[in-house]
Amino acid sequence: MALIDRGTLHYVRYFIITLGFLLLLFGRALGWLFEKGYGGKIFVTVFCLAFTTLNVWSMAALFKLGRSHIAEAVQHMDQNTSPAEETSFGGEQDFRIQFMLGFYWREMMGDKPASYYDHNHWPAAGPKWVVFHKDSFIKPTSPGKNFYDKFGNWYELVRTFPTAPLSGVNLFLYRKLAAPASN
């Protein structure tokens, strides 16, 4: 992927179907080579060991960091929102964040009320929670510790949910707080 990158962003998911067929083709070629004699068996064995060794790093990251943790983020927001108030969300990328949160909220919280406000329709009071995300190949560093929205609402980073490469997105959860006192 790095060879074809040249400054544009290429998501691996664009190639998932093709990669599946490519792996089947490699499997057939390795099977044919394995049957061709002693040299073929050695090559296939070395190739399979190298392939497994290279994938151990990715698997270790997956076991350490897990997948996207969207369910944990939804659970965290629910547990840290007063039962008397409706949970409200915003995000830096409306389509993706709204889709993710909407699905997990419905599956986990059932009929509990929640609202998502897209960029153009934030209320003046602001949503209770704002979710930022970064691609899983990028180091999970937050966009900042805190920020003000366009209405002057103060948000503070309360939790980061890192993920392993190719298994979701890194999530950064911000909660609306009372604005800090000015000096």
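Nearest 20 debye, what's the magnitude of the dipole of the chain about its Cα centre given +1 on Lys and Arg Cβ and -1 on Asp and Glu Cβ?
Computed charge dipole of the chain: roughly 640 debye.
Would you work out which of GLY27, THR160, HIS119 lies farthest towards the positive end of the dipole of the chain? Charges go on Cβ: Lys and Arg +1, Asp and Glu -1.
GLY27
As a check on your grasp of the helix formula, calculate [θ] at 222 nm for the chain: sum -39500 (n - 2.57) over DSSP H runs of n ≥ 4, divide by the residue count, round to the nearest 500.
When only DSSP H runs of four or more count, the value is -14000 deg cm²/dmol.
Once you keep just the Cα pairs under 8 angstrom separated by 6 or more residues, what percentage relative contact order results for the range 41-180?
Answer for the range 41-180 is 27 percent.
Could you tell me which helices of the chain pass both thresholds, a Cα extent of 24 Å or more along their own axis and a mean Kyte-Doolittle hydropathy of at least -1.0, with helices taken as whole DSSP H runs?
16-34, 38-65
Estimate the FRET efficiency between ARG159 and PHE15 by the formula 1/(1 + (r/R0)^6), using the beta-carbon distance for r and 41 Å for R0, to the nearest 0.05.
The formula returns an efficiency of 0.80 here.
Quick one, which of [x] 31, 22, 15; [y] 45, 17, 15; [z] 23, 21, 18 is the actual semi-axes √(5λ) of the Cα gyration tensor in Å calculated for this model?
Recomputing semi-axes √(5λ) of the Cα gyration tensor in Å here gives the entry labelled [y].
Going by C-beta contacts inside 10 Å, put ASP149, ASP118 in order with the fewest on the left.
The most exposed by this proxy come first: ASP118, ASP149.
Can you check what the net charge comes to around SER115, using other residues whose Cβ is under 10 Å from the Cβ of SER115 (Lys, Arg +1; Asp, Glu -1)? Don't skip to the end; give the middle numbers.
On the way: positive: LYS128; negative: GLU86.
Here the count lands on 0.
For the range 70-177, what are the per-bin percents of Cα-Cα distances with bins 10 Å wide, up to the bin holding the maximum?
The percentages, shortest bin first, are 14, 50, 32, 4.
We did not get these values from a lab; they are worked out from the coordinates using the rules stated. Just so it is clear, the model here is predicted, and its values are computed rather than measured. Heads up, the Cβs are rebuilt from the backbone with ideal geometry, glycines too, and the neighbour counts pull from every protein chain shown.
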